[in-house]
Amino acid sequence: MNERMFNVGKIVNTHGIRGEVKVLRISDFEERFAPGEKLCVIKDKQTIELTIAAHRVHKGFDLLQFEGYTNINEVEDFKGCKLKINETQLTELDQDEYYYHEIIGCEVFTAAGENIGKIKEILSPGANDVWVVKQKVGKDILIPYIDDVVTKVDVASKKIVVEPMEGLLD
């Protein structure tokens, strides 16, 4: 499989005895986990294609059941595996919308040109995403993805410009 694969979730545990898995979502597309959608799990360097049979949300996690997997023993090995989609499954985005994989790895600069660091992960705690920036020295900085703070995103050159709110960089 030469296609690029993209993470959309991570199986963190099994749920119950009927083959459901508990998934930490890394996608903000609601339809990503709809019944009938296809996902892949990479297990022992093998790509296993799965079709979603059922989806529900429970205590902040997505619970998925896959077609042909009806027993906890059949999904036990998937714990810790990432759920992936291939490039052809990416959804068209509106202007000023970005995929996580386009943002992670970007260098972050202030409007004055100071390099703050590199985005290492994205958190989705609520109303807006929070970008975690790893500094060369010191602790990580959390940048809210809101218009007042993130002033320019150039994924082609992997460069983001921010206008830090007071106290953001302290």
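Scanning the range 114-166 for residues that are assigned to a loop (DSSP other than H, G, I, E, B) and polar (S, T, N, Q) yields S124, N128, Q135, S157.
For the range 18-59, filtered to residues that are surrounded by 14 or more Cβ atoms within 10 Å (Cβ to Cβ) and acidic (D, E), the residue that is nearest to H101 (Cα to Cα) is E37. Considering the range 60-75, and only residues there that are over 20 Å from the mean Cα position of the chain (by Cα), surrounded by fewer than 19 Cβ atoms within 10 Å (Cβ to Cβ) and of a type outside the set (S, T, N, Q), the residue that is nearest to C40 (Cα to Cα) turns out to be E67. If you go through the range 107-154 and keep only what is in contact with a Gly (Cβ under 9 Å, 6 or more places away or on another chain) and among the polar types (S, T, N, Q), you end up with just Q135. Here are some conditions: (1) under 16 Å from the mean Cα position of the chain (by Cα); (2) among the hydrophobic types (A, V, I, L, M, F, W, C); (3) loosely packed, with under 10 Cβ neighbours inside 10 Å. L123 meets all but one. Which one does it not meet? Going through the list (1) under 16 Å from the mean Cα position of the chain (by Cα); (2) among the hydrophobic types (A, V, I, L, M, F, W, C); (3) loosely packed, with under 10 Cβ neighbours inside 10 Å, L123 breaks only (3).
Checking G9, G105 one by one, the residue that is assigned to a loop (DSSP other than H, G, I, E, B) and either closer than 24 Å to E121 by Cβ or modelled with pLDDT of 80 or more (or both) is G105 and no other.
The values are calculated or read from the model by the stated rules, or taken from the named source; none is laboratory data. Quantities reported herein were computed from a predicted structural model and do not represent experimental measurements. With ideal geometry, Cβ positions are generated from the backbone for all residues, glycine too; neighbour counts draw on all protein chains shown.
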